[in-house]
Ligand SMILES: [Zn+2]
């Protein structure tokens, strides 16, 4: 399987992921390497907590120095390769910096990234990162520092020389190698077309072009029902605090992970196809900058819709960059209150049940989500309100009629 997915928005790098075939020797060696990395991570957690209490800094430079000391003091740690151990310190520092940033930004607790915690032996999934000097590719095989050789299933060519690789095990026990390569760019010819996109629950995307709306895909009721069933099983068999998980619980967890993975793959596939079509047909794209809230009181349907929107938005951003399209993210505040026609703002937010937007200032009537999609275009500066709207107005009025 290959999933070119970008690391972060705007990083200019893509990940290409391939299944690994693992010999028992390689597996055993990798797991020992992971144990050492996990120990380093846990040391970082302990040290940074102590530093916090003493009101001292605990940055990656300090932890790097500590690693040298730990390696000098423990022969078994020294027997492991230094590259993944140094990388896990990077990961730890990044994860801690993110948590600190969210605290500083005063995000509500539910939306904050948590402080890095101890990784427990049976709970933490193995992840090892190797930079360029820690691996090489030879005759189609992946050689990691420390004499570990892995067989990669090359389901697709690597488009460029990778700068790093992450070797990890997923929730259903499969191993993967995920290579970081520079993101491909293949600019498409300009066509002078612009599109506004609004995200929603019922329609994943409502756009200013009727032919490009994306209905919310149900991904088979069957898969969703099965997932719910396994999740109920897990809830029933949930181990008490401090007790080991039962065999039945672990089985239900594995099954749920499997179904979930299938749904996620279908979701990504649909999103990618749609993003491809949008970027091919429009060279200016105004998109609502949707950010899921993960509220505890959110319904399952809302959570599922949020996950679909996030995945679709990510695919669109990546695809637009790849094809050199002008994509602008629009802040979502008041987009349901503004008129996409004249720019006037209503005094009160429309209730969700109200599916039509009727402007009291200019008299324009359009379906609520279509109006919001129009607002995206105006807000992104792609169409000034009230100017050059003939084509759009017609399509909106046709729908409203
Ligand atoms: Zn208006």
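FYI, it's all coordinate maths here, none of it is from the lab. Note that the structure is predicted; figures quoted are calculated from it, not measured. All Cβ positions, glycine included, derive from the backbone under ideal geometry; neighbour counts span all protein chains shown.
General remarks:
- Considering only the stretch 194-330, percent of DSSP beta bridges that pair antiparallel, nearest 5: 35 percent
- Calculated FRET value between residue 345 and residue 94, using beta carbons and R₀ = 45 Å, to 0.05: 0.65
- Nearest-ten-degree value, helix 24-53 long axis tilted from longest Cα axis of the chain: 80 degrees
- Rounded tilt (10° steps) of 368-379 against the dominant C-alpha axis of the chain: 80 degrees
- Distance from the stretch 275-349 to the stretch 182-211 (C-alpha centre basis), Å: 10 Å
- Computed over the stretch 3-155, Cα set: Rg, Dmax in Å: 17.3, 52
- Fully extending the segment from residue 56 to residue 118 would add 20.3 nm, taking 0.36 nm per residue of separation and subtracting the current Cα-Cα distance.
- Across all Cα atoms of the chain, the radius of gyration (one decimal) and Dmax (whole number) stand at 24.8, 78 Å.
- Legend: calculated FRET efficiency, residue 105 to residue 276, from the Cβ-Cβ distance at R0 = 41 Å, rounded to 0.05, equals 0.75.
- To the nearest ten degrees, helix 221-237 and the longest principal axis of the Cα atoms of the chain are 50 degrees apart.
- With R₀ set to 22 Å, the beta-carbon distance separating residue 174 from residue 247 gives a calculated FRET efficiency near 0.60.
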